[in-house]
Amino acid sequence: MAEEYTIDSLVKKILDTNKQYDLSKIVDAYDFAAAAHEGQKRSSGEPYIVHPLAVATYLVDLGMDTDTICVALLHDVVEDTDSTLDDIRKKFGQDVAVLVDGVTKLNRIPIYNKEEQHAENIRKIFLAMSQDIRVMIIKLCDRLHNMRTLKYLPGYKQRRIARETMDIYAPIAHRLGIRTVKEELEDLSFRYLDPYAYSEIENILDMNKQKREEFISSIKKRVEERLSHEKFLVKPEISGRVKSIYGIYKKLYIKQKEIDEIYDKYAIRVIVSTIPECYNVLGIMHDMFQPIPNRFKDYISTPKSNMYQSLHTTVIGKEGIPFEVQIRTWEMHKTAEYGIAAHWKYKEGISGKDKMEQRLAWVRQLIEAQQSSDDVEEIFHSIKSDLVPDDVVIITPKGDSITLPTGSTVIDFAYRIHTEVGHKIVGAKVDGKMVPLDYQLKTGEICDVITSKDPNKGPNRSWLGIVKTNEAKSKIRSWFKKANREENIAEGKAALEKELKRNHIHIPEDELEDFLANDFKKHSCSNINDYYASIGYGGIVLSKIIPKIRSKYEREYLTESDDTNSNSGIKIVNTENKKNTGSQIILDEISNCSVKYSQCCNPLPGDEIVGFITRGHGLSIHTKTCTNYVSVLKRNNPEELERWVEVSWTNSQSSQLLPASIEVLSTDRVGLVFDITKILMESHIQILHSSSRSVKNGNAIVELTIQVISANQVEEIVSKLSKIKGVISVERPSEKNKEKKQ
């Protein structure tokens, strides 16, 4: 039965904690929020106030303070009602107002496109975290309740919110060490992202539920019996657990293991009073059960980056079933369950604040790393890569440990030690052996960085494609940004011109600055030289901006193809006579007009087409499903519509070769591209361009541009390619757009 959230249940939970809370202030916050949200409903049909009450309840469970509970109750008031921040400041004080403002600001973002909006939102989350970590803890509890009630939203929203939760919020909960929130967010997200796999694992666990409970119970009883003969300050607490559904999925599907190979799907936890007692219990466990080699981890002497401490060992009992034993103190257990929330002491004093600053150093590193990038989408992807929960722990020659994301190189390691060490790295020794700069470090390795004594030594631009961490990329970009502006401008200009030429984008030089003006603002550049410089030092990533430039170019210039033809095989319909007579009158074939076939939709004989009269570039031919044409129809602007004319193909078009785009979606396998190429060769079809890429779900996409004489020929090729082993779909991109509109 679902838990009910009321002010009475919240007050009862607060009283049960036996902690000091300003209950009257919390009740006042509830009354204020309830009045403000009066009449509002959630998607579930419940009164809206249920949501703030649920978030407040979760925060009480995490042991947060009075102001945080008040903010939970008020967190949507400014955003969703007529109440203002000043109203809250006057009634509840500056601290509560600042926190409410911090949470609210996360949604007040400039709107570009959806990806940029999302990226900007994520950046604001981290800025809020750096100012007061309580803002992020409130956001996590807010997201947790939204995920618990996600079933009331449409499917497309469920998947979008679940993806964002899995990519951002669950990793943040992991970094903050709040295991209970992290695991539930992962499981709830996984349920909506891959319902089939979720259901399959759930069924496996349900089938073995009784056996599992009996097994864990018998192990607990044996351990309790053995430990009862030992002396402890306080009697140890022993509990059992089963690995989370998403945790099992990662082992089953991502690491390609069988269910019997997951050694830590069952675990028992032993909680004692002191660190020496932890190691004493470890010895007893290894005496009672057979330890599995290389399955022991000491997170007490080497804590994880999120403060987690515990001893982990995997053993096998007489039943032949492997299980994990976790041994920790009560203080470690509190940190393991609630992370930074367990250590939140609002009145800790200066030393406490300093300790908190150390624990949140990774937040500062992320924020500092953002300063050198001028592309908000690049920032978003960098944050995602830095939030990857899997870390490696590397040892310095002096014995210090440094934690980095999995996949980090020796260059990342050098920059984590110090910026100058990173700039001057020329080599590295790992466990005493020389390794290349792109060597990916593994946990437990000792890395010794070799640096140059040359005072002018700096990084190489190619390192940006090698390093893993956002921190290292930021420091490399900053060096180039400051090192030589003129060189950056020249480098950036040459790189942009090369990409524009490669993409057949021809903009007159005197028009280029005006054409790119909107992009300047988005990337904080005041003129075209700033823009070139940012490209030069890597602040703007060309692969991100070129698609947008190409799209704008097609909209404004509509000279997508240089393939002109004065004898085009196109007839124009006299639309004026059509209106008068009610029938189409076909004029003579166009002979003196330059005709271009648009690359945005690649029209072919057999397609329904329409013509656009360009300024000084003749007639541009589009399909009637082309996004450019459809958007004009939607706007219904007479001045725009005047330049679009009805056209049709002539019978003489049968021998002219035209480019056509095809996209093949298939299961990823060796030989796929060869099989596709073979069919095209056998059909005497010329390939103008091809590219392929793997996608996360185990599939691959192959994109082709081929030369054909008609839409019918394309259909024949599509039919042949569809029969290739593993192919899921073969489509023309223009047809995909057409399906989306329908």
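The values are calculated or read from the model by the stated rules, or taken from the named source; none is laboratory data. Owing to the predicted nature of the structure, the values given are computational and were not obtained by experimental measurement. Here Cβ is always computed from backbone atoms with ideal geometry, including for glycine, and neighbour counts include all displayed protein chains. Protein only, heavy atoms only, side chains kept; ligands, DNA and RNA dropped before computing areas. Shrake-Rupley method; radii C 1.70, N 1.55, O 1.52, S 1.80 Å.
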Checklist (1) open to solvent by 80 Å² or more (accessible area, probe 1.4 Å); (2) in contact with a Phe, Trp or Tyr (Cβ under 9 Å, 6 or more places away or on another chain); (3) not basic (Lys, Arg) applied to residue 514, failing item: (2)
Members of the stretch 156-212 that are in contact with a strand residue (DSSP E or B) (Cβ under 7 Å, 6 or more places away or on another chain) and among the hydroxyl-bearing types (Ser, Thr, Tyr): none
Qualifying positions in the stretch 395-432 - modelled with pLDDT of 90 or more and either out of contact with any strand residue (DSSP E or B) (no Cβ under 9 Å at 6 or more places or on another chain) or part of a strand (DSSP E or B) (or both): 409, 425, 426, 427, 428, 429, 430
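Against the condition open to solvent by 80 Å² or more (accessible area, probe 1.4 Å), farther than 19 Å from residue 552 by Cβ and over 30 Å from the mean Cα position of the chain (by Cα), how does residue 486 come out, does it pass?
On the way: open to solvent by 80 Å² or more (accessible area, probe 1.4 Å): yes; farther than 19 Å from residue 552 by Cβ: yes; over 30 Å from the mean Cα position of the chain (by Cα): yes.
In short, yes.
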Cβ-Cβ under 7 Å pairs, at least 6 apart or on other chains, the stretch 457-473 side closer than 11 Å to residue 411 by Cα, far side open to solvent by 20 Å² or more (accessible area, probe 1.4 Å) and assigned to a loop (DSSP other than H, G, I, E, B): 466/437; 466/438
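Taking the condition surrounded by 17 or more Cβ atoms within 10 Å (Cβ to Cβ), assigned to a loop (DSSP other than H, G, I, E, B) and not acidic (Asp, Glu), does residue 685 pass? Reasoning before the result, please.
On the way: surrounded by 17 or more Cβ atoms within 10 Å (Cβ to Cβ): yes; assigned to a loop (DSSP other than H, G, I, E, B): yes; not acidic (Asp, Glu): yes.
Answer is yes for this residue.
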Selection within the stretch 43-57 - farther than 25 Å from residue 15 by Cβ, in contact (Cβ under 8 Å) with a residue 60 or more places away in the chain and either among the acidic types (Asp, Glu) or open to solvent by less than 40 Å² (accessible area, probe 1.4 Å) (or both): 44
Cβ-Cβ under 8 Å pairs, at least 6 apart or on other chains, the stretch 498-510 side over 20 Å from residue 536 (Cβ atoms), far side of a type outside the set (Gly, Ala, Ser) and modelled with pLDDT of 80 or more: 506/500
Residue, least open to solvent (accessible area, probe 1.4 Å), within the stretch 707-742, restricted to residues that are part of a strand (DSSP E or B) and at pLDDT below 85: 708
Residue ranges of strands (runs of 3 or more DSSP E) in the stretch 203-312 with at least 3 members buried (at least 19 other Cβ atoms within 10 Å of the Cβ) and at pLDDT 80 or above: 266-272
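Among the residues that make up the stretch 653-675, is at least one of them outside any strand (DSSP E or B), of a type in the set (Ser, Thr, Tyr), modelled with pLDDT of 80 or more and open to solvent by less than 60 Å² (accessible area, probe 1.4 Å)?
Taking the stretch 653-675 first, the residues outside any strand (DSSP E or B) are 653-657, 668-675.
With the extra rule that they be of a type in the set (Ser, Thr, Tyr), the set shrinks to 654-655.
In the following step, the residues that additionally are modelled with pLDDT of 80 or more were identified as none.
Looking through the stretch 653-675, none of the residues is outside any strand (DSSP E or B), of a type in the set (Ser, Thr, Tyr), modelled with pLDDT of 80 or more and open to solvent by less than 60 Å² (accessible area, probe 1.4 Å).
Could you pull out the residue among 464, 496, 437 that is under 30 Å from residue 600 (Cα atoms) and either surrounded by 13 or more Cβ atoms within 10 Å (Cβ to Cβ) or in contact with an Asp or Glu (Cβ under 9 Å, 6 or more places away or on another chain) (or both)?
Details: 464 fails: under 30 Å from residue 600 (Cα atoms); 437 fails: under 30 Å from residue 600 (Cα atoms).
Going through 464, 496, 437 in turn, just one is under 30 Å from residue 600 (Cα atoms) and either surrounded by 13 or more Cβ atoms within 10 Å (Cβ to Cβ) or in contact with an Asp or Glu (Cβ under 9 Å, 6 or more places away or on another chain) (or both): 496.
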Single condition residue 415 does not satisfy, out of (1) open to solvent by less than 30 Å² (accessible area, probe 1.4 Å); (2) within 25 Å of residue 544 (Cβ to Cβ); (3) over 27 Å from the mean Cα position of the chain (by Cα): (3)
Search result, residues across the stretch 137-154 that are in a helix (DSSP H, G or I), farther than 18 Å from residue 179 by Cα and open to solvent by less than 30 Å² (accessible area, probe 1.4 Å): 150
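Yes/no per residue for (1) in contact with a Gly (Cβ under 8 Å, 6 or more places away or on another chain); (2) among the basic types (Lys, Arg); (3) surrounded by 14 or more Cβ atoms within 10 Å (Cβ to Cβ):
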| residue | (1), (2), (3) |
| --- | --- |
| 398 | no, yes, no |
| 402 | no, no, yes |
| 406 | no, no, yes |
| 411 | yes, no, yes |
| 422 | no, no, yes |
| 428 | no, no, yes |
| 443 | no, no, yes |
Residue within the stretch 198-217 that is of a type in the set (Gly, Ala, Ser), under 30 Å from residue 317 (Cα atoms) and without any contact (Cβ under 8 Å) to a residue 60 or more places away in the chain present: yes
Total residues in the stretch 605-635, condition open to solvent by 30 Å² or more (accessible area, probe 1.4 Å), in contact with a helix residue (DSSP H, G or I) (Cβ under 7 Å, 6 or more places away or on another chain) and not in a loop (DSSP other than H, G, I, E, B): 1
Near pairs, Cβ below 9 angstrom, 6+ apart or cross-chain, from the stretch 12-32 (closer than 13 Å to residue 72 by Cα) to any residue that is not in a helix (DSSP H, G or I): 25/93; 30/49; 32/83
Segments classed as helices (runs of 4 or more DSSP H), wholly inside the stretch 436-543, with at least 2 members that are aliphatic (A, V, I, L, M): 470-483, 485-502, 528-537
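Here is a check on your reading of the model: is residue 72 farther than 27 Å from residue 182 by Cα, of a type in the set (Gly, Ala, Ser) and assigned to a helix (DSSP H, G or I)? Reasoning before the result, please.
Working: farther than 27 Å from residue 182 by Cα: no; of a type in the set (Gly, Ala, Ser): yes; assigned to a helix (DSSP H, G or I): yes.
No, not satisfied.
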Of all residues making up the stretch 590-626, the number that are more than 22 Å from residue 712 (Cβ to Cβ), among the β-branched types (Val, Ile, Thr) and at pLDDT below 80: 2
Selection from the stretch 1-22 of residues that are open to solvent by 40 Å² or more (accessible area, probe 1.4 Å), assigned to a helix (DSSP H, G or I) and under 16 Å from residue 52 (Cα atoms): 8, 9, 13
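Counting just the residues of the stretch 45-69 that are among the hydrophobic types (A, V, I, L, M, F, W, C) and assigned to a loop (DSSP other than H, G, I, E, B), which one comes out nearest to residue 148 (Cα to Cα)?
So, considering only residues that are among the hydrophobic types (A, V, I, L, M, F, W, C) and assigned to a loop (DSSP other than H, G, I, E, B), the one nearest to residue 148 (Cα to Cα) is 49.
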Condition met for residue 183 (open to solvent by 30 Å² or more (accessible area, probe 1.4 Å), touching a residue at least 24 places away in the same chain (Cβ under 8 Å) and among the acidic types (Asp, Glu)): yes
Meets criteria (more than 17 Å from residue 603 (Cα to Cα) and in contact (Cβ under 8 Å) with a residue 12 or more places away in the chain) for residue 719: no
Within the stretch 149-167, tally of residues that are more than 16 Å from the chain's Cα centre (by Cα) and in contact (Cβ under 8 Å) with a residue 60 or more places away in the chain: 3
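Taking the stretch 670-712 only, how many residues are of a type outside the set (Ser, Thr, Tyr) and in contact (Cβ under 8 Å) with a residue 60 or more places away in the chain?
Residues of the stretch 670-712 that are of a type outside the set (Ser, Thr, Tyr), as a first pass: 670-676, 678-682, 684-689, 693, 695-704, 706-709, 711-712.
If we keep only those that are in contact (Cβ under 8 Å) with a residue 60 or more places away in the chain too, we end up with 708-709, 711-712.
Residues flagged as of a type outside the set (Ser, Thr, Tyr) and in contact (Cβ under 8 Å) with a residue 60 or more places away in the chain within the stretch 670-712 amount to 4.
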